[in-house]
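Engineer: Take this structure first; my questions come after.
The values are calculated or read from the model by the stated rules, or taken from the named source; none is laboratory data. Here the structure is a predicted model, which is why all the values come from computation and not from measurement. We place every Cβ from the backbone using ideal geometry, glycine too, and count neighbours over all the protein chains shown.
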Amino acid sequence: MPNNSKGKITRRGFAEAGAKALTLGTAALSAPLTLAAQSSEGSNQAAAVDQNPIRRRGVGFRALNPAKASSGFTLYAHVGGSAYLIDLSGKVVHTWTLPYPLHYAYLTEKGTLFCNAKIPNDTLLGKVGSHCGVALEADWNGKVLWEVRQPDHHNDGRLLPNGNVLLVCATAIPDAVAQKVQGGRHEPGESRNMGGDYLVEMTRDGRSVWQWNSWEYLDPAIDVITGIQDDRAEWTHANGIHELPDDHVLVSFRNTSTVINVDRKSGKIVWRLGAPPLSGQHAPTPLPNGNILIFDNGPHRLDESLNFSRVIEVEPATKKIVWKYQEPVVTGFFSPRISNAQRLPNGNTLINEGVFGRFFEVTTEGEVVWEYVNPHFGPPNAPAAKQQNSTFRAYRYTAEQIERARNAV
C-alpha cells in the first residue's frame, strides 16, 4: 500500500462515470446562510441564525463518488442516543432504539448488535462522557438478548469468540504508584485518587474469569502523561481494545499516547508504540496484512508544533508508518478526542472524525469519495450552541452483512 500524506479532497469534478450521481446534500442543508428575511410588506426582518457552528456548516449527506466509494451501509451511534444505519446516499434504512443511551455499537460476526451503553453511577468515571456501565447484545429489532453490568466499565467492550465479553474498566490505583506517575497538570489542593485502567473478561451472567491491572505492568518512568495540560485525575485512560487471534489484546491508552500488545496468559506487554509518533490516539485495529490501523488524534504532538489528526497504518515489526491520511493543510482535519477508522473491502478507508460527527471515505491516494455529517445533536435540553453530534465510532458493512443481521437470532 503506497505512502500518502496528500489527503487530496475532491468534492466536484468527479469521474464522468459518477458525476451525474453526485449530490451535495439537500437544498435546505447546502443553501447559503440567510441573515435577513423579506417580509410581505417588503421590509427586512432579522432571521434567526443557528448558534451551533457544526450544524450551521451543514449536516447529513454531503458528497459521493459512486465509481470509487466502497458499497454498503454505515452504522453509527450518536453518543448518548440511538444507533442508525445509512446507505451511501445518506438515507436512514434502519434505527436501533435500545433501553439505554448508547456509547457505540457494532455488528457481530453472526449479525447481532453489540453495544456499549450508558448507566450513570457514582464510580470514579460514572459521570463523565466516556462512562458506559453496561454491555449488551441486541437483535435487529432492538430486543436485548442479554446484558452485563459493570459499574467501572468505560469507553470500550468487545464480544469474544467464546461468548464472554472483554471490558475496559477504571478504578483508583495505589497511592504508591500514583506518586511515581510523571506528567500532567497538578491542581492546587487536589486530593482525588488517581484513576487507572484494568481489563476484565466476564461471562454473560456477570462472573469475572480474567483480569489485567494496568498499574501492575506499566512503568511510570516510561508511561508518562504526555500532555502537560492534562488533568492527573487519570493516569492512562484506555479508550480502545481489540482481541487478537493469538490470545493477545491490543490496548490504546490516550493519556500516555501509547498502544500496547498484551499477552493475556502472562500479562506481559510484548509490543508498544508511544509518543512520538502517537498523540492521544484511538481505536487500534488489526488489519488482514498484520499491520495496525490507528486514528491518531494529535491533541498535543511532541514532534510537531501544530495539533492535527491523521489516520496511520503501522507495521508492528518495524513500527514504521506505511500509510497515512492527513490533510495537506494539516489543521483542516482534527478531532482531539474519540474517533476511529476502518479499512474497507476495496482498499479505501472509512474515517470517523468523531468530535464533529463527520464520516468520510478516502482512497489509498487520499481522495475523498464519500462524506456524511451526523445530523443528530444532543442533549435536547441544552442550549443550541452546546449541543453536540459527537460519534465515538462508525463502521461500514456490506449488503450481505446487513442481510445476515436482519435474519440473526
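Engineer: How many of the residues in the stretch 376-404 are touching a strand residue (DSSP E or B) at 6+ places or on another chain (Cβ under 9 Å), over 15 Å from Asp87 (Cα atoms) and touching a residue at least 40 places away in the same chain (Cβ under 8 Å)? Even if it seems obvious, please write down each step before you answer.
Structural biologist: If we filter the stretch 376-404 for residues that are touching a strand residue (DSSP E or B) at 6+ places or on another chain (Cβ under 9 Å), which is where we start, we get 376-379, 382, 387-399, 401-402, 404.
Within this subset, residues satisfying the condition of being over 15 Å from Asp87 (Cα atoms) are 376-379, 382, 387-393, 404.
Pick out the ones that are also touching a residue at least 40 places away in the same chain (Cβ under 8 Å) and you get 376-379, 387-393, 404.
Result for the stretch 376-404: 12.
Engineer: OK, next. Pull up the stretch 268-321, narrow it to residues that are loosely packed, with under 14 Cβ neighbours inside 10 Å and within 23 Å of Glu216 (Cβ to Cβ), then point me to the one that is farthest from the chain's Cα centre (by Cα).
Structural biologist: Lys268
Engineer: Follow-up question, since we're still on this one. Show the residue pairs meeting these rules: Cβ distance below 6 Å; 6+ apart or different chains; first residue within the stretch 163-178 and closer than 12 Å to Gly196 by Cβ; second residue hydroxyl-bearing (Ser, Thr, Tyr).
Structural biologist: These pairs meet every condition: Cys169/Tyr198.
Engineer: Yes or no: Leu306 out of contact with any strand residue (DSSP E or B) (no Cβ under 7 Å at 6 or more places or on another chain), touching a residue at least 12 places away in the same chain (Cβ under 8 Å) and either under 24 Å from Trp271 (Cβ atoms) or not in a helix (DSSP H, G or I) (or both)? First the steps, then the outcome.
Structural biologist: Numbers: out of contact with any strand residue (DSSP E or B) (no Cβ under 7 Å at 6 or more places or on another chain): yes; touching a residue at least 12 places away in the same chain (Cβ under 8 Å): yes; either under 24 Å from Trp271 (Cβ atoms) or not in a helix (DSSP H, G or I) (or both): yes.
It is true that Leu306 is out of contact with any strand residue (DSSP E or B) (no Cβ under 7 Å at 6 or more places or on another chain), touching a residue at least 12 places away in the same chain (Cβ under 8 Å) and either under 24 Å from Trp271 (Cβ atoms) or not in a helix (DSSP H, G or I) (or both).
Engineer: Under the condition of being part of a loop (DSSP other than H, G, I, E, B) and within 17 Å of the chain's Cα centre (by Cα), which residue from the stretch 109-139 is surrounded by the most Cβ atoms within 10 Å (Cβ to Cβ)?
Structural biologist: Applying the filter and picking the extreme gives Cys132.
Engineer: Counting only residues that are closer than 20 Å to Thr398 by Cβ and of a type in the set (Gly, Ala, Ser), how many does the stretch 100-124 have?
Structural biologist: Here the count works out to 2.
Engineer: Something else about it: Looking at (1) assigned to a loop (DSSP other than H, G, I, E, B); (2) within 16 Å of the chain's Cα centre (by Cα); (3) more than 16 Å from Pro336 (Cα to Cα), which is the only condition Val259 fails?
Structural biologist: With respect to (1) assigned to a loop (DSSP other than H, G, I, E, B); (2) within 16 Å of the chain's Cα centre (by Cα); (3) more than 16 Å from Pro336 (Cα to Cα), Val259 is out only on (1).
Engineer: Here is a check on your reading of the model: is Leu278 assigned to a strand (DSSP E or B) and under 27 Å from Gly347 (Cβ atoms)? Give the derivation first.
Structural biologist: Working: assigned to a strand (DSSP E or B): no; under 27 Å from Gly347 (Cβ atoms): yes.
Spelling it out, it is not the case that Leu278 is assigned to a strand (DSSP E or B) and under 27 Å from Gly347 (Cβ atoms).
Engineer: Could you go through the stretch 225-234 and let me know if any residue there is part of a loop (DSSP other than H, G, I, E, B), of a type in the set (Gly, Ala, Ser), over 25 Å from Asn297 (Cβ atoms) and modelled with pLDDT under 95. So that I can check it myself, show each step before the final result.
Structural biologist: Filtering the stretch 225-234 for residues part of a loop (DSSP other than H, G, I, E, B) gives 226-230, 232-233.
Restricting the remaining residues to those that are of a type in the set (Gly, Ala, Ser) gives 227, 233.
Applying the additional criterion that residues be over 25 Å from Asn297 (Cβ atoms) yields none.
The answer is no; no qualifying residue exists.
Engineer: Where the second residue is among the hydrophobic types (A, V, I, L, M, F, W, C) and in a strand (DSSP E or B) and the first is on the phi > 0 side of the Ramachandran plot and lies in the stretch 245-259, which pairs have Cβ atoms under 7 Å and are six or more apart or on separate chains?
Structural biologist: The qualifying pairs do not exist here.
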